[in-house]
Amino acid sequence: MAKTDIQRTTRVTPAPGTPANLFTTKRGAFIWLALLLVALAILRSAMATRLDGFTIDEAYHIAAGVSYVKYHDFRINPEHPPLVKLWVGIVMYATGFRLDSLRQFHDKPGERTFANLAVFRQNDPDSVQRRARAAMYGLNGLLLLALAFALRRVFNAGVSLGTLLFLAIDPTVAAHLPVVMTDLPVALLSTTAVVLAARAFRDWIWTDLAACSAFLGLALTAKHSAPVVAVGIALIGAVVAIVQPLESPSHSRWLRVVKLGAVLGGAMLVLWASYLFRYSESPAGQESFNRPLVDKINDVASPTYHAMLATMATTHVVPRAYLWGFADTIRAGMEGRESPQLIFGKVYDFRGPRYFFPAMIAVKVPIGLIVVMLIGLFLFFTRRIPPDWILPCGIVLAVAVLFLLVLSRGATYAGIRHALPVVVLLSVFTGISFEMALSSKTRQLKIFVATAFVAAVASALPQMRPWEYFNEFVGGAANAYKFFSDEGVNLGQRSKELAEYCKRELKPNAPRPVCLYWIWDEEKIARGIDCLGSDEKRDAALIELPERSGTIFAGPSDFIATSYWDSSALRETKPAKRLGNLFIFRGALNLPGQAASEFYWRGINRIYGGNPDDAEAEKAFRRS
């Protein structure tokens, strides 16, 4: 055997007798430990999120998924690829979810209303949520295990289990495990694809290349941010194909390039399969989106992005529904949208600073986990890890940096969830620290890493609503609303407690409460929340007044000092009660911004409701 072959196949593993060897060399022990960590992660999440209501997007995804399965039609919610929605849609359809026939919708509000009515009015929302949570625990549990096996194949069991430990502790992961959203699945699938790419580009074996291609394809079907990972894998693969020495004269760099093309082509095949190998979103073939694709592409301001999207539309390189969603992602996610955001106590009207996402990782990940991650990065940069781990670690870090660079040019309204792929990628370095500490002959590294993990557990596990978690750098969850207002602070999950509070605390003949907190109207009706404005004709006179009185429910975004719809009275008043990031006020407050916003949304409903009335919409906008 040639010397290069020996170097390539030899793995640097802990010596026999070290603690790491107890599960590194025993496949059965590793499998049981991996299953245990995933089970504990799900159990912790189930306990910590058991009181959570739906996030604002879940009903949209659930109803869309059922429509995909029932009608083989992808017109609803093309903003996201279909993987998660299909997974949950199959479960919902099989368990009797009721959904009306599809119709032609006019822009997003019409679709939202259709989906919300299905989840909250035509079905039992609590039953829907239980089934959806079970489905997502199943999906994300499988994806965690897939990542664990990929890490074991490329590194070893110690790195794999250390990474799983990070993901089991991290509150953001715990918060996302049960929700019907695409952020955690794309993060887990993307990281698995990147890790497998490191193995595939080292040996160029077809089985490894096929595994990388499959997971990259699944990542593309999960969320429109996955193309960033695909570009990263393509660039890295091309560089390795050219730079890496040839193993024998019979091999060639052109063959490697062909194999790289096969990886990318296979991923595209998986993407097309998720849309039933059909270009059109509907079986009939005609375009049926809530907004024409050509208009969606024209919404994109950047000439570069616009030209790219137009070329994709002309060549039919991806299904039409995927392209529609990709255009929406570029417009809202990359170019941004006007939305006041509080970032480190400062208000930004459009998008935050470029350091936003690294800062989010710094304040949303427990400090102990950050310390262990930094140790892993230090060990990598100082080459104190096995030589055959250098390339995989370099590839993982390169894709994480590329993803951060892309995020730095995008919108910041979603908070940490858009950076979840970076968090999961960097968690691999926590696994490196864990393994090196286990196999180290000195106690110092063992004690330091163990202490950091214990500190992370002490910080993260007591947080019973992990979506609201912030670490001690910003004073924890209790004070985070003073510094941030993005979707990583609140996404409407306190709706059940709000409904319970109304039933328990509000007297039958008391004035109707004012609900500024983010809950869809259909859910308010389903949960018996009769707020000011629930009946527009009944409350018309009171809605137009600048003063709001009685019980007022508000969320963190309502405290932002903005140039329009400002609610300064809320900032100047101490809440009577606080349920996490649900704030409850009592009394009379001057809130003219609230009256203005009511008129604005009245106008939106006049345009996109069941009976459009442009004249009435214009009147409402002028009053606003």
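Within the chain, the longest segment free of exposed loop sites, counting trypsin sites (Lys or Arg not before Pro) that fall outside DSSP classes H, G, I, E and B and have at most 13 other Cβ atoms within 10 Å, spans 104-336.
Give me the distance between the Cα centres of the stretch 315-353 and the stretch 449-507, rounded to whole Å. Between the Cα centre of the stretch 315-353 and that of the stretch 449-507, the gap is 26 Å.
Projecting the Cα positions of 359, 430, 315 onto the charge dipole of the chain (unit charges on Cβ atoms of Lys, Arg, Asp and Glu, taken about the Cα centre) puts 430 furthest along the positive direction. Only protein atoms count toward the accessible area here, which uses a 1.4 Å probe; on the chain, the carbon and sulfur part of that area reaches 62 percent. Surface exposure of the stretch 334-391, expressed per residue as accessible area with a 1.4 Å probe, stands at 46 Å². What the stretch 483-595 shows is 46 Å² of accessible area per residue, with the surface traced by a 1.4 Å probe over protein heavy atoms.
Compared with the direct C-alpha span, the chain from residue 253 to residue 482 gains 76.9 nm at full extension, assuming 0.36 nm per residue.
Cβ distances below 4.7 Å define possible disulfide partners, and in the chain the cysteines left without one are 212, 393, 502.
The spacing between the stretch 526-547 and the stretch 87-121, judged by their C-alpha centroids, is 26 Å. Excluding ligands, DNA and RNA, the accessible surface per residue across the stretch 111-233 is 20 Å² with a 1.4 Å probe. The aspartates and glutamates within cross-link reach of residue 446, meaning a Cα-to-Cα straight distance under 13 Å and a gap of 8 or more places when in the same chain, are 435.
Summary of the geometry: the stretch 405-448 and the stretch 363-402, compared by the centres of their Cα atoms, lie 7 Å apart. Globularity index of the chain is 1.01 (Cα radius of gyration / 2.2 N^0.38 Å, N = number of residues).
Membrane-span-like helices in the chain, defined here as complete DSSP H runs extending at least 27 Å along the helix axis by their C-alpha atoms with mean Kyte-Doolittle hydropathy no lower than 0.0, are 27-48, 125-154, 183-203, 253-274, 420-439; this is a sequence and geometry rule, not a statement about a membrane.
The values are calculated or read from the model by the stated rules, or taken from the named source; none is laboratory data. Computed from a predicted structure; not experimentally measured. Glycine gets a Cβ as well: all are built from the backbone with ideal geometry, and neighbour counts include every protein chain shown. Quick note on the areas: whole protein, heavy atoms, side chains included, nothing else; ligands and nucleic acids left out. Shrake-Rupley method; radii C 1.70, N 1.55, O 1.52, S 1.80 Å.
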